[in-house]
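One structure is given here, and the rest of the page talks about it.
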């Protein structure tokens, strides 16, 4: 439809997402509020609690350009019910109407507000978790890194990363090759959405896929973190072959440098930042182009002494979380992912 000039792809995606009518569990109440100007929806158990509850800031996915707190109401409702926690769902402003890093800034602002005012919602400030899926997972990593080492706020208790994207340096990792044509997120779509997200010319998509945007000195510096050698061999069995990056093109880097900044490729943060990050729960899916992003981020955390719990959905695909309760279209791995996240939060 976009090629025919009938409708922008992102507008069609938003329309399709808005067709869903998610539910909320009757044991919860929900309020739409503003946290320092950022719209949020706060889910709270109706039953009184003798002690302060845990808090969860949830950041939804959608490539930073789609998705909403309405679409994720059933997910946030289930997490609030199953963990007996107060859940804050963030309605960050979407690209391309609002240029990056607006999305991350909104998430950071809402998180800080909740951390400073946790007790007003019956939440223990030392028991706040931040989590998200896909692009939301990316914003979780960036927000958590920005808060690392700060002394004026309580420390985040943990981070939950559900098939998060954390890098745009190498789009030829094993998972990108193996799942290039696997719904709901294709390899070409990652590049295409990235161009729209940063308002770049989509003719540069192929350069991003080939890797010609990465300076040689960056390849040398970050190779130890981004190498496929860091990915367990069992994840390379499905037809992976090592593809050397295309020769560096300075003119391409000049146009696409934002893709390699830590505010987007958060895996490139320095060790000193990683060493201050909170405990993590990481979810990866076998049939997901972003699977290896999660595996590489997991290794970086572990190498820097951060405790990591990991769940790998053997039959999972990107976006499966949104199919945990859709009748005949429900997928068991989507249900299990949410159950594992809830168990992690409950036992912190």
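The values are calculated or read from the model by the stated rules, or taken from the named source; none is laboratory data. In this text, all values refer to a predicted model and were calculated from it rather than measured experimentally. Cβ placement follows ideal geometry from the backbone for every residue including glycine, while neighbour counts extend to all protein chains displayed.
For region 243-262, filtering for residues that are touching a residue at least 60 places away in the same chain (Cβ under 8 Å) and more than 16 Å from residue 195 (Cα to Cα) leaves 3. Only residues that are within 13 Å of residue 222 (Cβ to Cβ) and surrounded by fewer than 16 Cβ atoms within 10 Å (Cβ to Cβ) were counted across region 252-270, and they come to 3.
Report yes if residue 66 is part of a loop (DSSP other than H, G, I, E, B) and surrounded by 20 or more Cβ atoms within 10 Å (Cβ to Cβ), otherwise no. For residue 66, the condition - part of a loop (DSSP other than H, G, I, E, B) and surrounded by 20 or more Cβ atoms within 10 Å (Cβ to Cβ) - is met.
Evaluation of residue 76 against the conditions (1) touching a residue at least 60 places away in the same chain (Cβ under 8 Å); (2) within 21 Å of residue 325 (Cα to Cα); (3) crowded, with 23+ Cβ neighbours inside 10 Å shows that the sole unmet condition is (1). Filter region 298-310 down to the residues that are assigned to a helix (DSSP H, G or I) and in contact with a strand residue (DSSP E or B) (Cβ under 7 Å, 6 or more places away or on another chain), then identify the one that is surrounded by the fewest Cβ atoms within 10 Å (Cβ to Cβ). Of everything passing the filter in region 298-310, 302 is surrounded by the fewest Cβ atoms within 10 Å (Cβ to Cβ).
Restricted to region 188-277, the set of helices (runs of 4 or more DSSP H) holding at least 1 residues that are under 25 Å from residue 95 (Cα atoms) comprises 205-210, 250-256.
Of the candidates 185, 204, 156, the single residue that is under 24 Å from residue 275 (Cβ atoms) and touching a residue at least 12 places away in the same chain (Cβ under 8 Å) is 156. Elements of the type strands (runs of 3 or more DSSP E) sitting completely within region 1-60 and holding at least 1 residues that are in contact (Cβ under 8 Å) with a residue 12 or more places away in the chain and surrounded by fewer than 16 Cβ atoms within 10 Å (Cβ to Cβ): these cover 28-35.
Restricting region 79-107 to residues that are part of a loop (DSSP other than H, G, I, E, B) and free of Cβ contacts under 8 Å to residues at least 12 places away in the same chain, the residue that is surrounded by the most Cβ atoms within 10 Å (Cβ to Cβ) is 98. Exactly one residue out of 234, 187 is out of contact with any helix residue (DSSP H, G or I) (no Cβ under 7 Å at 6 or more places or on another chain) and either on the phi > 0 side of the Ramachandran plot or at pLDDT 95 or above (or both), and it is 234.
Of the listed requirements (1) closer than 27 Å to residue 323 by Cα; (2) touching a helix residue (DSSP H, G or I) at 6+ places or on another chain (Cβ under 8 Å), residue 182 misses just one: (2). Scanning region 320-338 for residues that are touching a strand residue (DSSP E or B) at 6+ places or on another chain (Cβ under 8 Å) and not in a helix (DSSP H, G or I) returns a single hit, 331.
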